[in-house]
Amino acid sequence: MATIDLSLEGSSEFALPKKRVRIGEVAVQGALFVAATISVLTTVGIVLSLLLPAIDFFRIVSPWEFLTGTTWAPLFLEPEFGVVPLVVGTLMISFWSSLIAFPLGLGVAIYLSEYARENVTRFLKPILEILAAIPTVVLGYFALTFVTPLLRDIGIQVEIFNALAASIVLGIMLIPTVASLSEDAMAAVPRDLRDGGYALGADKLQVSTRVVVPAAISGIIAAFVLAFSRAVGETMIVLIAAGQLPQITFDPRETISTMTAFIGATGNGDVPTGSIEYKTIFAVGLTLFVMTLVMNLISIRLVRKYREIYE
């Protein structure tokens, strides 16, 4: 009985055609690679620009003294380099502003995602995002010249420069960030989950708070951490409205100073370049960078832990 040789060796008629090189695709890949490389190199450059002067600073000032000292007076005749008052002021401003931005921003996101009609959402969302485009220096003077007198008028005895007014305005500024990102996360929740909740007899509020929000929790957490990181890194509002008095206090009515406010006030050219006072800017900046990095690492871990994947 004759057999049929199915071997394809030496047979050119069964060879697959070679993939044709597409010049446009190669160009796009190259452009994306260049963009990614620039981002990485920029980050490395920023870290090095902070790290090298900070190392020179810590050769003179003990890192333990810097991180645990409770007095910050680098420009005095007998300087003190304890960064704790600046860290406390930064975290206090971020905490109070988050108390305003997180619930209001999440409430706005729930309304836009679950309650508002489509045409209302298309109208309100751009208006809300305009708030994020207002220059922070304008918001700082708004806090100083309007919010602080308003607080005094309603009976809250605050200093002229105080953390409360700065926190209120900063929290308002962060609402669009929390609302926009949270609304995007809720919009990505499948419609089937909502329909399942309604089929079980739940009303709109129960579906919104017990179905949609838990399903979008990873995106909401990312929005919260991004807003908190932005509050930590805000400069002009706290520099103008909160003051420049570094002290350890948890009373938002008092004058305080933050790390960003110190950097902004000290880096205006009055301090001699290369001096120990000048290098404090980079030491504080490196501390701020590490704090922000840790918060982002925690955010990534939380997002991965609570992320919901839908088929």
Using a Förster radius of 51 Å, what is the FRET efficiency between Ala133 and Gln206 based on their Cβ-Cβ separation? Nearest 0.05, please. 0.90
Angle between the chain longest axis and helix 163-187 axis [Cα atoms, degrees, rounded to 10]: 10
Between Phe81 and residues 5 or more places away or on another chain, the pairs with built amide H atoms under 5 Å apart involve Ala73
Given springs between every Cα pair under 10 Å in a Gaussian network model of the chain, which of Pro74, Pro149, Pro190 has the largest fluctuation? Pro190
State, to one decimal in nm, how far the label point of Glu65 lies from the label point of Asp270, with both points 7 Å from Cα in the Cβ direction. 2.4
In what sequence, highest mean first, do 37-47, 209-219, 171-181 appear when ranked by Cβ atoms within 10 angstrom? 171-181, 209-219, 37-47
Compute the long axis of helix 23-60 from its Cα atoms, compare it with the longest principal axis of the Cα atoms of the chain, and write down the angle in degrees, 0 to 90, nearest 10. 30
Acute angle (nearest 10 degrees) that the helix 276-306 long axis makes with the longest principal axis of the chain, alpha-carbon atoms: 40
Given (i) 35, 29, 16; (ii) 35, 23, 17; (iii) 47, 33, 17 as possible values of semi-axes √(5λ) of the Cα gyration tensor in Å, the one from the coordinates is (iii)
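Bear in mind these aren't lab numbers, they're just calculated from the coordinates by the rules spelled out. Nothing here was measured: the structure is a model prediction, and the numbers come from that model. Counting neighbours? That spans all protein chains shown, and the Cβs are built from the backbone with ideal geometry, glycine included.
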